[in-house]
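Below you'll find the structure, written out as structure tokens, and then a few comments.
The values are calculated or read from the model by the stated rules, or taken from the named source; none is laboratory data. Computed from a predicted model, the values in this text were never measured in an experiment. A quick note on method: Cβ atoms are made from the backbone with ideal geometry, for glycine too, and the neighbour counts reach across all protein chains shown. These area figures cover heavy atoms from the full protein model, side chains too; ligands, DNA and RNA do not enter into them. Shrake-Rupley method; radii C 1.70, N 1.55, O 1.52, S 1.80 Å.
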Amino acid sequence: EERDPEGVETYSQRTVLAYIGLRIWEDNPLIGVGWQRSASVDVFEPYVDDARRRFPDVVDRAFPAPGREWGVQNLYIQMLADAGLVGLVLLLAVGAGGIVLGWRTVVHAPRPWAAGAGVAIVCGLLALAGEWASLGIVAGIPIQAATCLLLGLVAAGAATVEDETGV
């Protein structure tokens, strides 16, 4: 016996939420709709009927509605919807800056263990960048702490290399 899916938080739900987030951004491309407003009923509701037509096989509970303000659940798309292209560019600049500093530490590290630490931090930042594609902006979640910690470590490593080597 084949049953319809009952739950949410599935691949199809995330696809629907990403679609709605991109539609919100499409109508507000430069600066978005405001910080974390993409989860507000008045913001997402105009796009739900279109999403239902686009994804007719997705269960009803997967669509956002009053009382089910799921949010976009993808950091990059949520930044586009909430803060527009400006916000996404700034977010990516922070991430890219961390990776560049980490790589600079690897290249100019005076000791092998420091180069290894730099590689580990760069790999950690890249892994977190991929993980953020499945999470929206939620204050206080562990991945946020891990991202901040790694960005702090990469800045400290780059400063240490600069102090020790002058580069």
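When Asp82, Asp60 are screened for being of a type in the set (D, E, K, R), within 27 Å of Asn28 (Cβ to Cβ) and free of Cβ contacts under 8 Å to residues at least 12 places away in the same chain, only Asp60 passes. Scanning the stretch 24-79 for residues that are among the small types (Gly, Ala, Ser), more than 13 Å from Gln13 (Cβ to Cβ) and surrounded by fewer than 20 Cβ atoms within 10 Å (Cβ to Cβ) turns up Gly34, Ser40, Gly67.
Which residue out of Val16, Val8, Val58, Val33 is of a type in the set (A, V, I, L, M, F, W, C), in contact with a Phe, Trp or Tyr (Cβ under 9 Å, 6 or more places away or on another chain) and at pLDDT below 95? Every option except Val8 fails the conditions. Selection of the stretch 44-77 for residues being in contact with a Gly (Cβ under 8 Å, 6 or more places away or on another chain) and assigned to a helix (DSSP H, G or I) yields Arg61, Leu75, Ile77. Exactly one residue out of Leu126, Leu90, Leu151 is modelled with pLDDT of 95 or more, part of a helix (DSSP H, G or I) and open to solvent by less than 70 Å² (accessible area, probe 1.4 Å), and it is Leu151. Among the criteria (1) assigned to a helix (DSSP H, G or I); (2) at pLDDT below 95; (3) open to solvent by 60 Å² or more (accessible area, probe 1.4 Å), the one Ala159 does not fulfil is (3).
Within the stretch 93-117, restricting attention to residues that are open to solvent by less than 30 Å² (accessible area, probe 1.4 Å) and out of contact with any Leu (no Cβ under 9 Å at 6 or more places or on another chain), the residue that is nearest to Ala159 (Cα to Cα) is Thr105.
Whether any residue in the stretch 7-14 is within 14 Å of the chain's Cα centre (by Cα), polar (S, T, N, Q) and assigned to a helix (DSSP H, G or I) is what I want to check. Among the residues of the stretch 7-14, not one is within 14 Å of the chain's Cα centre (by Cα), polar (S, T, N, Q) and assigned to a helix (DSSP H, G or I), which makes the answer no.
When the residues of the stretch 129-148 are filtered to those that are part of a loop (DSSP other than H, G, I, E, B) and closer than 19 Å to Tyr19 by Cα, the one that is most open to solvent (accessible area, probe 1.4 Å) is Leu135. For beta carbons closer than 9 Å, sequence separation of 6+ or different chains, a first residue in the stretch 148-167 that is within 10 Å of His108 (Cα to Cα) and a second that is of a type in the set (Ser, Thr, Tyr) and surrounded by 13 or more Cβ atoms within 10 Å (Cβ to Cβ), the qualifying pairs are Ala158/Thr105; Val161/Thr105. With respect to the conditions (1) under 30 Å from Ala96 (Cβ atoms); (2) touching a Pro at 6+ places or on another chain (Cβ under 9 Å); (3) at pLDDT 95 or above, Ile77 falls short on a single one, namely (2).
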